[in-house]
Structure formats: C-alpha cells, structure tokens
Ligand SMILES: [Zn+2]
C-alpha cells in the first residue's frame, strides 16, 4: 500500500454514532474498536488472538470480546473489519485515477504545452483561426501521444483521452 493511502482513512461520524453495533458497546469497547481500526489500516489486519490484541492495546479480554464481532477471523490467521477494507479499495481506485490523470498531464507538459487554462487557450486558438493568425505552435491538439496500452500514436489530447477510454474496463 502506498504511504499516501496508509497515512489516513475516511471516517464517517454519523455512521459511527448511529451504528447499532457501536451503540451496543461500552464506551471502553468503542475506544478499542477505533484503535483496532487504526491498527488494521496501518498493518492490513489485526491479530487473531485476543491475548495479542490485549497485550498491544492494554485492553481487557472482556472489552475485546465486545468489539471483536466487528473483526471477523480470516482463515483463522488474522482478523479484518470488512467495511474498512472496502474503504481501502475505494481509496486505492481513487488514487489510481488521480495517478492516471497526472500521467496524462505530465505527458502534456513534457510536450511543451501548457496544462493551465486549457479552455481560454482553446478559445484564443479559435479566435486566431478566425482571424487567420498562425498558431504559436503550442496547440495541444497537434501534440502526438503514444498509447501505453497499444503503442498507437494519437494526435491531440482530447483524442488521446478518448482513445484511452476505449481500453477502460476491457483490460486490452
Ligand atoms: Zn491504445
């Protein structure tokens, strides 16, 4: 897991406060529950053994037994809260999308075209065309991008983005 993802996780206060599982716990068990979520986020899971959990957290077996229902055993080897792992998957896919977007932006600037204010630039470009003024040569529509998936050369950033869409979900 990347450090960026490991650093924090989304927490939904309203869900927590209204959860029947949480409300059914003592205040001490709620504290341990939260601590174990943090632990799982950092390490990917928490120990199977209640004694190990108590040793690290300082909790009592009685308190641990109150919240371990929220951490079902995985193959008898460790425990995981399922919702937290779902949140981790969401964070991973969001990050992958940001990385993909950043890669496109990086290609763009490598070709000498400005990332900033794409639409005002396009507007200027169409004004130039109208007036017959030659382009300064930084028009992103003329930049050629090579697709990392099929190695095809695609001219123009928008066309390239559309081209990449054709690979999405197909795994090809
Ligand atoms: Zn391609």
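The values are calculated or read from the model by the stated rules, or taken from the named source; none is laboratory data. Only a predicted model underlies this, so the values are computations on that prediction, with no experimental measurement involved. Positions of Cβ are backbone-derived with ideal geometry, glycine not excepted, and every protein chain shown enters the neighbour counts.
Looking at residue 65, is it exposed (fewer than 12 other Cβ atoms within 10 Å of the Cβ) and either in a helix (DSSP H, G or I) or free of Cβ contacts under 8 Å to residues at least 60 places away in the same chain (or both)? In short, no. Only one of the listed residues (19, 51, 65, 73) is modelled with pLDDT of 95 or more and more than 30 Å from residue 99 (Cα to Cα). That residue is 73. A single entry from 39, 8 fulfils the requirement of being free of Cβ contacts under 8 Å to residues at least 24 places away in the same chain and part of a loop (DSSP other than H, G, I, E, B): 8. Filtered by the rule that a residue be out of contact with any helix residue (DSSP H, G or I) (no Cβ under 7 Å at 6 or more places or on another chain) and either part of a helix (DSSP H, G or I) or in contact (Cβ under 8 Å) with a residue 24 or more places away in the chain (or both), the range 42-60 gives 43, 44, 45, 48, 51, 52, 55, 56.
Tell me the residue from 154, 143 that is modelled with pLDDT of 60 or more and away from the ligand (no atom under 11 Å from the Cβ), please.
Testing whether each residue is modelled with pLDDT of 60 or more and away from the ligand (no atom under 11 Å from the Cβ) leaves just 143.
Taken as a whole, the range 15-24 holds no residue that is more than 22 Å from the chain's Cα centre (by Cα), under 26 Å from residue 3 (Cβ atoms) and crowded, with 16+ Cβ neighbours inside 10 Å.
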